[in-house]
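Comments concern the structure below.
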Amino acid sequence: MRVDPCFFCGRPAWPSKGITFNRNDGKSFRFCRSKCHKNFKMKRNPRKLKWTKAYRKNAGKEMVVDSTLQFAARRNVPIRYNRELVQKTLKAMERISEIRARRERVFYKKRMAGKRAREIAAARKLVAHNEHLLPRLRGSEKRRLAELAAEKGVDVEELEKQELDNIRTSKKTKAFGAEVRRLRVRTDGGVEEISEQVGGYMDEDQDDDDDDDDDDGMDTD
């Protein structure tokens, strides 16, 4: 039984499955499914589609040079039937499949080596480029922490770092509000700047408790 590869994607086209297209010049094209046949009729290049074997080989994602691949080459050489030869061939096919699978696993491990380090480097680069989008402390919070650090004799940066960590790990989410600065004119004619905190934080647990209280307070007549 001969299993021909698909002319477009390279997958095996099993007997009685797929589509066979015979051109006017006598050349036969074997396709594993209608998807490959349609792409072939639209004159698409298999090397530019990521789901084909040709693309993966061009991109270095599959083995190209290996001794086990030579056994899959098509040979139109007639050979007289021999039972012992058939048995040896079947055993060799199983052994070659095992060797090829093992080499493909080794090839994959070598190809994916260092991927985690590359992902971490790309993530750090992204964070460094978009650092302005990260949560920052307001001016009033910084002043409060500076006063607190002066009282305790602790470094201000450590307090700011702890405050940011608490904001990220806490369940409180910012619902609304902002720092409002206003100018107040004193009776002596001077001007005083006042900073006010408008709004606040919304606690998820508190909202759930409020919902439960509302449900309990409803009439169930």
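The values are calculated or read from the model by the stated rules, or taken from the named source; none is laboratory data. Just so we're clear, the structure is a prediction, and the values are computed from it rather than from any experiment. No Cβ is skipped: glycine too gets one built from the backbone with ideal geometry, and neighbour counts run over all protein chains shown. The protein model used for the area step is the full one, side chains on, heavy atoms only, and it has no ligands, DNA or RNA in it. Shrake-Rupley method; radii C 1.70, N 1.55, O 1.52, S 1.80 Å.
Can you name the condition, by its number, that Arg102 falls short on among (1) of a type outside the set (Asp, Glu); (2) farther than 19 Å from Asp4 by Cβ; (3) open to solvent by less than 80 Å² (accessible area, probe 1.4 Å); (4) under 30 Å from the mean Cα position of the chain (by Cα)?
(3)
Tell me, yes or no, whether the stretch 67-85 has at least one residue that is open to solvent by 100 Å² or more (accessible area, probe 1.4 Å) and touching a Ser or Thr at 6+ places or on another chain (Cβ under 9 Å).
Scanning the stretch 67-85 turns up no residue that is open to solvent by 100 Å² or more (accessible area, probe 1.4 Å) and touching a Ser or Thr at 6+ places or on another chain (Cβ under 9 Å).
Open to solvent by 50 Å² or more (accessible area, probe 1.4 Å), closer than 28 Å to Tyr108 by Cβ, outside any loop (DSSP other than H, G, I, E, B) and not β-branched (Val, Ile, Thr), is that true of Arg47? Show your work before the answer.
Numbers: open to solvent by 50 Å² or more (accessible area, probe 1.4 Å): yes; closer than 28 Å to Tyr108 by Cβ: yes; outside any loop (DSSP other than H, G, I, E, B): yes; not β-branched (Val, Ile, Thr): yes.
When the stated conditions are applied, Arg47 passes them.
Need the failing condition index for Thr20 against (1) surrounded by 11 or more Cβ atoms within 10 Å (Cβ to Cβ); (2) modelled with pLDDT under 90; (3) not hydrophobic (A, V, I, L, M, F, W, C), just the number.
Tallying (1) surrounded by 11 or more Cβ atoms within 10 Å (Cβ to Cβ); (2) modelled with pLDDT under 90; (3) not hydrophobic (A, V, I, L, M, F, W, C), Thr20 fails exactly one: (2).
Is it the case that the stretch 108-116 has a residue that's closer than 30 Å to Arg2 by Cβ and open to solvent by 70 Å² or more (accessible area, probe 1.4 Å)? So that I can check it myself, show each step before the final result.
The initial filter retains those residues of the stretch 108-116 that are closer than 30 Å to Arg2 by Cβ, namely 108.
Those still in the list that are open to solvent by 70 Å² or more (accessible area, probe 1.4 Å) too: 108.
Within the stretch 108-116, one or more residues are closer than 30 Å to Arg2 by Cβ and open to solvent by 70 Å² or more (accessible area, probe 1.4 Å).
List every residue pair whose Cβ atoms sit under 6 Å apart, with the two residues 6 or more apart in sequence or on different chains, where the first one lies in the stretch 123-150 and is free of Cβ contacts under 8 Å to residues at least 60 places away in the same chain and surrounded by 12 or more Cβ atoms within 10 Å (Cβ to Cβ) and the second, anywhere, is of a type in the set (Gly, Ala, Ser) and not in a loop (DSSP other than H, G, I, E, B).
That search, which allows pairs on different chains as well, returns Ser140/Ser195.
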